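S.K.: After the structure tokens below, expect a handful of questions from me.
The values are calculated or read from the model by the stated rules, or taken from the named source; none is laboratory data. Since we're looking at a predicted model, the values are computed, not measured. Counting neighbours? That spans all protein chains shown, and the Cβs are built from the backbone with ideal geometry, glycine included. Ligands, DNA and RNA are excluded from the accessible area calculation, which covers all protein heavy atoms including side chains. Shrake-Rupley method; radii C 1.70, N 1.55, O 1.52, S 1.80 Å.
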Amino acid sequence: MTAPDGTRQKPRQLTELGDVHDFLDEVRLRPGMWLRGSSLQHLDSMLVGYRVALAVHGIAEDFDFWNPGCQGPFAEWLWKRLGRHSSLGWAVEIEREAEASNTPPVELFFSLLDEYRSERSQPEGWMRPQVQVPDHRGGEAAHDGVHVAEWRG
């Protein structure tokens, strides 16, 4: 991963990480080391384990990817972003979108994660403009930003 000043970011020790987003930045640096077969479902399982460890050790941390009883804020954001809901989870749906757009799933996940982080950092009440983009099924649909099936990286 490249830092804003153009230098290549170096991997950090796990003890240097502060939260799940720091961990995901490490996964982004070396996805082949963390994700067998570049599987987002493996990443999802790791994040569930991360959340369970937080609970077991009584650590309070904002966690966007899964909480007992709900899929978490990232999944809720993704369902709005895609215009549909899925009980299969965010990893399966991103892998499906990646296949439909001929995009590597890990690349698409991190693109969506960057968009999610960016939107969460916007002031309350901020709205992305609605634009018409081609739907991967051939029609047009209004979406926030660029439809993930049209993502090109």
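S.K.: Report the extension gain between Cys70 and Val56 in nm, rounded to one decimal, defined as 0.36 nm multiplied by the number of residues separating them, less their alpha carbon distance. Numbers along the way, then the final one.
M.R.: Working: separation 14, 0.36 × 14 = 5.04 nm, distance 1.81 nm.
Stretched fully, the Cys70-Val56 segment lengthens by 3.2 nm.
S.K.: Continuing with the same structure: Could you check the spin-label model distance between Ala100 and Ser86? Points 7 Å from the Cα along Cα→Cβ, value in nm.
M.R.: Inter-label distance under the simple model: 0.9 nm.
S.K.: Decide, for the stretch 52-98, between rounded, prolate and oblate: order the square roots of the alpha carbon gyration tensor eigenvalues as a ≥ b ≥ c, take rounded if a/c falls under 1.5, and otherwise choose prolate if a/b is larger than b/c, else oblate.
M.R.: Values: a/c = 2.83, a/b = 2.36, b/c = 1.20.
It comes out prolate by the Cα gyration axes.
S.K.: Taking just the alpha-carbon atoms of the stretch 1-85, what radius of gyration and Dmax come out, in angstrom?
M.R.: For the stretch 1-85, the Cα-based Rg and Dmax read 14.4, 41 Å.
S.K.: Measure off, as a whole percent, the carbon and sulfur share of the 1.4 Å-probe accessible area of the stretch 1-115, all protein chains present.
M.R.: Values: 3280 of 6250 Å².
So the carbon and sulfur contribution to the accessible surface is 53 percent.
S.K.: Further question: Under a 1.4 Å probe, what is the accessible area of the stretch 51-93 per residue, stated in Å²? Can you show the working numbers first?
M.R.: On the way: 2270 Å² over 43 residues.
Ligands and nucleic acids excluded, the figure is 53 Å² per residue.
S.K.: For Asn67, what residues show an amide H to amide H distance below 5 Å, using hydrogens built from the backbone and excluding near sequence neighbours?
M.R.: Residues meeting the amide H criterion: Gly72.
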